[in-house]
Amino acid sequence: MTHLRFLLVLVCFGLMPVCIYTQTSGCTDPLASNYDPAAINNDGSCLYPPTSYSPSFITFLSDTVHESSGLAFFGGMLWTQNDSGNPQRLYAVDTLTGNIRRSVWIANAPNQDWESLAQSTSHLFIGDFGNNQGDRKNLRIFCIALDSLLALDTVTAEVIGFTYPDQSDFSSASNNNEYDCEAFYFWQDSLHLFTKNWVSNTTRYYTLPHIPGQFEAMLRDSFDTEGLITGAAIQSGGDVVLCGYKNMGSGFWTCFAWLLYDYPDYRPFGGNKRRIELGTALQLGQMEAVWFHDDGRGWLTGESISAGPFAFDARLSRFDFTEYVDPSGTGVEVNRETNIFSMHIYPNPARGVAIIELNPSDYLPNGCNLEVYDTLGRMVYRTIFPSDTSTLTLPTESMPGGKYTLSVVHGSHPLATGQLIVE
């Protein structure tokens, strides 16, 4: 039901009463402590009770990616990279075991300080903009076609260079400056960057074109994040997760996330802002990267850390924020152990053909594809998954015998995965 406030105005000529209405602004989120059921326009004023959530540990990561600093998901695999001082290489990680399934060398992209990954439906972006000293003048983002990453072991990248419009002081100040950056995502034809402000524990929000060239970033907003922002991810609907950590003193660090949703375009801090405490760095590692699924779930990675005589390996964790935000608004019951849909494959093992069946089929969007990958992570088959049926017939007679990963994707977002053995 729409709630309107009416203002009665008398028109001088003829004294005719005219009703002019305005829509009530306020907190529109029923989960907030100051929810206003009469509010129509969200004015960003929602307040939330202190919230704690413990991500689920999946596995320790290989020493090869002990400084995992960014996450992306495509080709049925979770991709990551290490930050400064490591090879200029991307790695595909198994989301159950943490094993490295593929690696790709980026020939023309030296890793000065790769700090984050972002993705569009066609390209991956590597943020080489880590700036612990605050003195870099060669901030850049490397852009690579997803098809190339799935097909080749060595690729070249296009380069997006940029500067901050408000930085004039480039003197070196190690971990004591306001122009470090470790978090960004792609959305609506732009790259969205969030700084890691060492001094104030805040973040500034900038946007950039996603095409090669040299640009001045556009400063759009800032926010008191009460900690250092090290990762950012966005769903296709616009809901955002920022992750990071905060120094509590005496060598004690805590990890957190901010959920940002129901906001105006290019104003992610203008809507709902909910902070979620995730635990300590000893539990999660040094929180560095996040990937956010359209169904409200996602992955986090934490770098390896040392605490006195103790060393803690890098780790992969999962989270489920659907109790705080329902991104789809559909109320679809999802299978938490796979993706949004459960996949049934039969016969399995298959000889000649395999039938792929999804459940629930009623919510399958248009524009989905079935992608098939071999054990090396190479795409060997791709076809449209029709939205008007729950099944698809996969020909297997030309596929060599072995194990394959099947993934139904919408854009770059996985909806269901499964394993198929071909005889």
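The values are calculated or read from the model by the stated rules, or taken from the named source; none is laboratory data. Please read all numbers here as calculations on a predicted model, not as lab measurements. Quick reminder, even Gly has a Cβ in these numbers, built from the backbone with ideal geometry, and neighbours come from all protein chains shown. Surface areas here come from the heavy atoms of the whole protein model, side chains and all, with no ligands, DNA or RNA. Shrake-Rupley method; radii C 1.70, N 1.55, O 1.52, S 1.80 Å.
Each residue was assigned an accessible area with a 1.4 Å probe, and for S120 the value is about 10 Å².
Over the chain, DSSP H runs of length four or greater, each weighted -39,500 (n - 2.57), average out per residue to a 222 nm ellipticity of -500 deg cm²/dmol.
Using a cutoff of 8 angstrom between alpha carbon atoms and counting only pairs six or more residues apart, the relative contact order for region 107-252 works out to 19 percent. Taken along the Cα-to-beta-carbon direction at a fixed 7 Å, the label points for I100 and E158 span 2.9 nm. Considering only V199, A233, Q286, the residue lying farthest towards the positive end of the dipole of region 182-315 is V199, judged by Cα position with unit charges set on Cβ. A DSSP coil position with no more than 13 other Cβ atoms inside 10 Å describes the following GluC sites (Glu not before Pro) in region 240-324: E323.
Partner lysines whose Cα lies under 20 Å from the Cα of K196, excluding those fewer than 8 positions away in the same chain, are identified as K137, K246, K273.
Remark: the chain carries a charge dipole of roughly 80 debye about the Cα centre, counting +1 on each Lys and Arg Cβ and -1 on each Asp and Glu Cβ.
Taking 7 Å steps out from each Cα toward its Cβ at N41 and E397 produces label points 6.4 nm apart. When the Gaussian network model of the chain links Cα atoms closer than 10 Å, the mean-square fluctuations of D294, D43, D180 top out at D43.
Stretching the chain fully between D63 and S25 yields a gain of 8.6 nm (0.36 nm per residue, less the alpha carbon separation). Annotation for region 175-245: GluC sites (Glu not before Pro) lying in DSSP loop with at most 15 further Cβ atoms inside 10 Å of their Cβ are E226. Using a 1.4 angstrom probe on heavy atoms only, work out the carbon and sulfur share of the accessible area of the chain in %. Taking all protein chains in place, the chain shows 52 percent carbon and sulfur surface. With every protein chain in place and a 1.4 angstrom probe, the accessible-area ranking of W198, W253, largest first, reads W253, W198. Sequence-distant contacts, meaning Cα pairs under 8 Å at least 6 residues apart, place the relative contact order of the chain at 12 percent.
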